[in-house]
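Peer 1: One structure, pasted below without further comment.
Taken together, the values in this text are just the output of simple stated rules run on the coordinates, not laboratory data. This is a predicted model, so every value here is computed, not measured. Methodologically, a virtual Cβ is constructed for each residue, glycine included, from the backbone with ideal geometry; neighbour enumeration extends over all protein chains shown.
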Amino acid sequence: MIVSFRTGLFRIISIVLCLLAGSESSLLAAISDHVLQIDISQEKRYENALDENDIEYTFSLDLETDANVNLVEFLTPAGNTFTIPDIEDNWDGDIQGGTWTRHAYDADDDVWEWEYYQWGIDRQFLDDFGDGWYAITVHYQDGSQEQTNVWFGVTGTSDRIPQPTQRPIMMIPASYGSPTSPVTISWQQCTDPNANKIFVSLENWDTWEQLDNDLALSDTSWDLLTLSDGFWKAEVCFDNTGGLLINNDGIQYDILKAVSGIYWFAVGKPWAAHEVWGGNTAYTSADTLLNIDETDYVKLGESEGGTETFMGNHMYYVIGIRQRHLKFDAFQGSDNSYYGGDFTTGNVHNPGNIEGVPDNRYALAGLWQTPDTFRSYIRLTNPGTWTGLTVITGLPSLTGDFCGANFGPADGYVDVWDLMQFSDHWHIRTGEGSWDATFDLAGPNFGDADGYIDVWDLMLFADHWHEGEKP
């Protein structure tokens, strides 16, 4: 019996050792060998330089792991559990908010990235997360799981992390401007007592080139950057961060609360709020239409956001929208008819408002940023008689045509009503209560808009006096 028992025991041990030798079981290593980095943040984001009330709130939790992990869950201090599935790109949302998760391999750092991101225009959703202990559970390929904890609060205390609130305002370059490289990025000085660092990031939306820099609170510029041609997104953040920390399991983590401002500009070409493309292939995939520039379609032109006409005889027209919250009223064909046929849209609110004649009821495009060439698209089918189309938006196509009679909609003529509307914004600076970038027509020596309504704007306005057709 003893020999039989020992033989059976040795056989069991041999089987277990063979199994362990044939796989990288999580049982052979600490959780810190599988989970390499954890980042948790909450942020207040000013998404649109032209609208100080366009604010979003965000929560994100990111991990870097090895290949053994196949699912991530986390329990928040508020008692809610969220999951990051093994899906490369998964999102769901609307104009009020949304959720995005991602699991993908980063070949540069040889790590697997797990990302959870939620946003909303009402900060109340942040109560589902909260300050305190986050319990993060990683599930392994072999069916086992482990948990690690991260303190989202002031290190060494039971205190919450104070939220910075001062809006970061970028002074140079102008929003939607076209500076020449090298470019200096400058912003109003941070005086927020809850911030302890400034972080600035830049991303070329054409080439995906990225630059970022950690700066001192006293800094107000990042000077003389050599930037490649393309459409650039700049983000200026006032952070309250605990720095790089180590939890009880030996895992690096970073926690922060921040307030940020998002700005866009173009280098080496004019800013294009939207572009119009024409072609004869009936593309229906959202991924394709958001990247219509990568297809066989022909670019018919671009606009800074105002009403423009584009010529070209094609079976389909695709309007690719780059600028956030751009308003579209109607589409008029070369035969003077207004579009009322079938259309498809992506990332557009109230798309039905584009049908029929102009009526100042707008479809709102560019609601949120996607990792594509354009934020939104509108695809129209040529009724059969069009050799071009006019895209009618909520911005004036004629410089200085801010409004019509009695401050009604722009009427295609620059007159005293426009001058009175302009005068209401005289000597207003970016960030002040009644700021409206529509009236910031130029900077010194008629350069790019500079965030201040002054005599340079007035002189450019005067150059267009009585232009257009009087109604």
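Peer 1: Using Stokes-Einstein with the Kirkwood hydrodynamic radius over Cα pairs, what translational diffusion coefficient do you get for the range 366-471 at 10 °C and a viscosity of 1.306 mPa s, in µm²/s rounded to a whole number?
Peer 2: Numbers: Rh = 16.0 Å.
Answer from the Stokes-Einstein relation: 99 µm²/s.
Peer 1: Here's a follow-up. Any chance you could get the radius of gyration and Dmax over the Cα atoms of the range 75-214, in Å?
Peer 2: Final numbers for Rg and Dmax: 19.1, 55 Å.
Peer 1: Continuing with the same structure: Please state, to two decimals, what the Cα-based radius of gyration of the range 201-246 comes to when divided by 2.2 N^0.38 Å (N = residues).
Peer 2: So the range 201-246 has a normalised radius of gyration of 1.38.
Peer 1: Can you tell me the FRET efficiency between residue 299 and residue 207 if r is taken as the Cβ-Cβ distance and R0 is 22 Å, rounded to the nearest 0.05? Don't skip to the end; give the middle numbers.
Peer 2: Numbers: r = 18 Å, r/R0 = 0.81.
That pair, residue 299 with residue 207, gives E of 0.80.
Peer 1: Using a basic spin-label model with each label point 7 Å from the Cα along Cα→Cβ, how many nm lie between residue 66 and residue 36?
Peer 2: About 1.1 nm separates the two model spin labels.
Peer 1: Can you pull the one-decimal nm distance between simple spin-label points at residue 89 and residue 350, each 7 Å off the Cα toward Cβ?
Peer 2: Rounded to a tenth, the inter-label distance reads 3.0 nm.
Peer 1: Okay, helix-only estimate at 222 nm for the chain: each DSSP H run of n ≥ 4 adds -39500 (n - 2.57), divide by all residues, round to 500 deg cm²/dmol; what do you get?
Peer 2: When only DSSP H runs of four or more count, the value is -2500 deg cm²/dmol.
Peer 1: At 0.36 nm per residue, minus the direct Cα-Cα distance, what do residue 249 and residue 233 gain on full extension? Give it in nm, one decimal, please.
Peer 2: Stretched fully, the residue 249-residue 233 segment lengthens by 2.1 nm.
Peer 1: What are the DSSP H helices in the chain that stretch 20 Å or more along their long axis, judged by alpha-carbon atoms, and whose average Kyte-Doolittle hydropathy comes to at least 1.0?
Peer 2: Helices passing the filter in the chain: 2-21.
Peer 1: Let me ask another. Roughly what % of Cα-Cα distances in the range 405-463 sit above 17 Å, to the whole percent?
Peer 2: Counting pairs separated by more than 17 Å, the tail of P(r) holds 37 percent.
Peer 1: Return the inverse of the average 1/r over all pairs of distinct C-alpha atoms in the range 223-369, which is the Kirkwood hydrodynamic radius, in Å to one decimal.
Peer 2: Kirkwood hydrodynamic radius for the range 223-369: 18.4 Å.
Peer 1: At 10 °C and 1.306 mPa s, what whole-number value in µm²/s does Stokes-Einstein give for the translational diffusion of the range 303-419, with Rh from the Kirkwood sum over Cα pairs?
Peer 2: 108 µm²/s
Peer 1: Over 25 Å apart: what share of the alpha carbon pairs of the range 140-293 falls there, rounded to a whole percent?
Peer 2: Tail of P(r) above 25 Å: 50 percent of Cα pairs.
Peer 1: Say the dipole of the range 29-267 comes from +1 at the beta carbon of Lys and Arg and -1 at that of Asp and Glu; which of 36, 246, 153 then lies farthest toward its positive end?
Peer 2: Positive-end residue among those listed: 153.
Peer 1: Now for a separate question. Report the percentage of all Cα-Cα pairs in the chain whose separation exceeds 40 Å, rounded to a whole percent. Walk me through the intermediate numbers first.
Peer 2: Details: 35448 of 110685 pairs.
That tail contains 32 percent of the Cα-Cα pairs.
Peer 1: Taking every pair of alpha-carbon atoms in the range 29-267, what share in percent sits in each 5 Å bin, from 0 to the bin with the longest distance?
Peer 2: 1, 6, 13, 16, 18, 17, 14, 9, 5, 2, 0, 0
Peer 1: Follow-up question, since we're still on this one. If you average the alpha carbon positions of the range 202-256 and of the range 299-358, how far apart do those two centres end up, in angstrom?
Peer 2: Each part's Cα centre sits 36 Å from the other's.
Peer 1: Another one. Could you tally the net charge around residue 380, taking each other residue with its Cβ under 11 Å from the Cβ of residue 380, Lys/Arg +1 and Asp/Glu -1?
Peer 2: For residues surrounding residue 380, the net value is -1.
Peer 1: While we're here: Take every Cα pair under 8 Å in the chain that's 6+ residues apart, average their separations, divide by the length, and report that relative contact order as a whole percent.
Peer 2: On the way: 1128 pairs, mean separation 51.6, N = 471.
Once normalised by length, the contact order is 11 percent.
Peer 1: So what's Rg/Rh here for the range 227-311, counting alpha carbon atoms and using the Kirkwood radius for Rh?
Peer 2: For the range 227-311, the value is 1.21.
Peer 1: Of the cross-linked pairs 197/327; 44/233; 197/269; 44/299, which ones have a Cα-Cα span greater than 27 Å in the structure shown?
Peer 2: 197/327; 197/269; 44/299
Peer 1: Mind checking which aspartates and glutamates have their C-alpha under 18 Å from residue 470, skipping anything on the same chain fewer than 8 residues away?
Peer 2: 401, 411, 415, 418
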